[in-house]
């Protein structure tokens, strides 16, 4: 079951959902709009290695925006910090963003119960498009969880994306044993 706007507000009041900054005008009937933060990141090397720590470099989106190019993976970040203590958050792109040919995540649209951070976006585009810090990029929807959660993400041993940040975070696949 997806939470309604009233249910999201009740969970925020109860502290089981945290959205900072929270703006009432971003609350839809069953979702909350999130915005592109001011930082993007690019991998330093063209060839990436899943077993190695691939380094990134950050850039700050200027006031006049930044033109994303096809065939390049950009890591973005939401302007909003979120916490979800009793629900499963899903991040989906806004249809207006999709209609510009922008995908905001390659695979990681689902968060875990206990996720507490900004969301790193895996951005790709089909043609050149100018983006701006603060533009709406996605919407969070929250699903009910049936049963008690034993292993919250923010308390999980080996959770790779727990450190609070306002910048995109590169892949930590290299920390896995394979």
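The values are calculated or read from the model by the stated rules, or taken from the named source; none is laboratory data. For clarity, every value in this text was computed on a predicted model and none was experimentally measured. Please note: Cβ atoms are built from the backbone with ideal geometry, for glycine as well, and neighbour counts cover all protein chains shown.
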It is to be established whether one or more residues within the range 103-111 are in contact with a strand residue (DSSP E or B) (Cβ under 7 Å, 6 or more places away or on another chain), more than 23 Å from residue 29 (Cα to Cα) and modelled with pLDDT under 95. yes
Just one listed residue, out of 97, 77, is in contact (Cβ under 8 Å) with a residue 40 or more places away in the chain, crowded, with 18+ Cβ neighbours inside 10 Å, touching a strand residue (DSSP E or B) at 6+ places or on another chain (Cβ under 8 Å) and under 22 Å from residue 171 (Cβ atoms), and it is 77
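Looking at this structure, is residue 146 surrounded by fewer than 18 Cβ atoms within 10 Å (Cβ to Cβ), modelled with pLDDT under 95 and farther than 21 Å from residue 159 by Cα? Before the answer, list the steps.
Numbers: surrounded by fewer than 18 Cβ atoms within 10 Å (Cβ to Cβ): yes; modelled with pLDDT under 95: yes; farther than 21 Å from residue 159 by Cα: yes.
Here the answer is yes, as residue 146 does meet what is asked.
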Residues of the range 155-178 being in contact (Cβ under 8 Å) with a residue 60 or more places away in the chain and surrounded by 16 or more Cβ atoms within 10 Å (Cβ to Cβ), in sequence order, are 167, 168, 169, 170, 171
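To keep it simple, each residue is scored yes or no on (1) surrounded by fewer than 18 Cβ atoms within 10 Å (Cβ to Cβ); (2) in contact with a helix residue (DSSP H, G or I) (Cβ under 6 Å, 6 or more places away or on another chain); (3) more than 23 Å from residue 114 (Cβ to Cβ); (4) at pLDDT 95 or above.
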site	(1), (2), (3), (4)
9	yes, no, no, yes
13	yes, no, no, yes
18	yes, no, no, yes
23	yes, no, yes, yes
28	yes, no, yes, yes
31	no, no, no, yes
39	no, no, yes, yes
45	yes, no, yes, yes
Going residue by residue through the range 82-92, is there one that turns out to be farther than 21 Å from residue 133 by Cβ, surrounded by fewer than 16 Cβ atoms within 10 Å (Cβ to Cβ) and either in contact with a strand residue (DSSP E or B) (Cβ under 9 Å, 6 or more places away or on another chain) or touching a residue at least 12 places away in the same chain (Cβ under 8 Å) (or both)? no
